[in-house]
Amino acid sequence: MGDMSDIRNIVILTGAGVSAESGIDTFRSGTDGAPSLWEQHRVEDVATPEGFARDPDLVLRFYDMRREAIQTKQPNPAHHALAKLDAEWRGELLIVTQNVDDLHERAGARRVLHMHGEHLNAWCTTCDTRSRWTGPLIDRPACPACEARALRPDVVWFGEMPYRMDEIYAALRRADLFVSIGTSGAVYPAAGFVRDARSLGAKTLELNLERSQGSGWFDETRLGPASNLVPGWVDEVLGG
Ligand code: OAD
């Protein structure tokens, strides 16, 4: 990234590519020829409020499987490198993740914001409480707060507003460097952050297996697997 001396505040956007090498399917481009998640399931069926209203059992089963699966996966070198950066970087840093897994946290990162929600949370549509949830939802368990049997996955579906956008834009306004890692740039508003950051004066860097849709907006693009690119970049930033 060249000279880092004028960089103090960093915003990092991560996507499914960061977790791909942990064995979690990406949404759009399958790894090693395997079909991607949205090739195996219709988005309208499993990731929209309308799909949930139509067939809640299908949706709950889908997320129960995903919730169970992520708990068997481990963070990879990309997650560990970002956790190291979080621990050692003295300036502001925010990891905005579109991922609903908890691999950033399990690697030890603390400054993480889940803009698309979390698999390991259940959201009560009766009392609005979010509870840590590791088991299934298909049997309609009671909400720990109000006992209503109205829990849904705390995952942002298409047509719903991503979480904590005010905090994200505030961080983008202060950012000197915006880094996008392992995301295809297909889903807004996250796909627009590079343009926002750039117009607000930040340097922009993309680390991805292949060019994202908004690749032209980045000052620099590095192509390769996250487990290789991210540790290398973090060492550069920390001067190691
Ligand atoms: P995508 O599946 O759209 O894109 C994954 C990106 O990761 C692609 O650009 C791949 O080239 C890249 N990639 C794959 N393997 C990689 C590796 N080993 N190292 C580095 N990069 C790799 O996933 P997202 O961009 O995260 O939203 O998708 C954005 C949102 O769309 C998701 O949060 C989800 C989805 O629908 C919701 O469900 C609301």
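For segment 204-240, which positions are touching a strand residue (DSSP E or B) at 6+ places or on another chain (Cβ under 6 Å), open to solvent by 20 Å² or more (accessible area, probe 1.4 Å) and among the aliphatic types (A, V, I, L, M)? Across segment 204-240, the qualifying residue is only Leu229. So, Ala78, is that one within 16 Å of the ligand (Cβ to nearest atom), open to solvent by 10 Å² or more (accessible area, probe 1.4 Å) and under 17 Å from the mean Cα position of the chain (by Cα) or not? It is false that Ala78 is within 16 Å of the ligand (Cβ to nearest atom), open to solvent by 10 Å² or more (accessible area, probe 1.4 Å) and under 17 Å from the mean Cα position of the chain (by Cα). Taking the criterion of being of a type in the set (S, T, N, Q) and either at pLDDT 95 or above or closer than 20 Å to Gly214 by Cβ (or both), the residues of segment 13-48 that qualify are Thr14, Ser19, Ser22, Thr26, Ser29, Ser36, Thr48.
Residues checked against (1) closer than 26 Å to Phe27 by Cα; (2) assigned to a helix (DSSP H, G or I); (3) in contact with a Cys (Cβ under 9 Å, 6 or more places away or on another chain):
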position: Arg90; (1), (2), (3): no, no, no
position: Glu105; (1), (2), (3): yes, yes, no
position: Arg110; (1), (2), (3): yes, no, no
position: Glu118; (1), (2), (3): yes, no, no
position: Asn121; (1), (2), (3): yes, no, no
position: Arg149; (1), (2), (3): no, no, yes
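If the condition is being surrounded by fewer than 22 Cβ atoms within 10 Å (Cβ to Cβ), modelled with pLDDT of 95 or more and among the β-branched types (Val, Ile, Thr), then segment 146-203 contributes Val155, Val156, Ile168.
The values are calculated or read from the model by the stated rules, or taken from the named source; none is laboratory data. None of the values given here were measured: they were computed from a predicted structure. Backbone-built Cβ (ideal geometry, glycine too); neighbour counts: all protein chains shown. We work out accessible area using only protein heavy atoms, side chains counted, and drop any ligands, DNA or RNA first. Shrake-Rupley method; radii C 1.70, N 1.55, O 1.52, S 1.80 Å.
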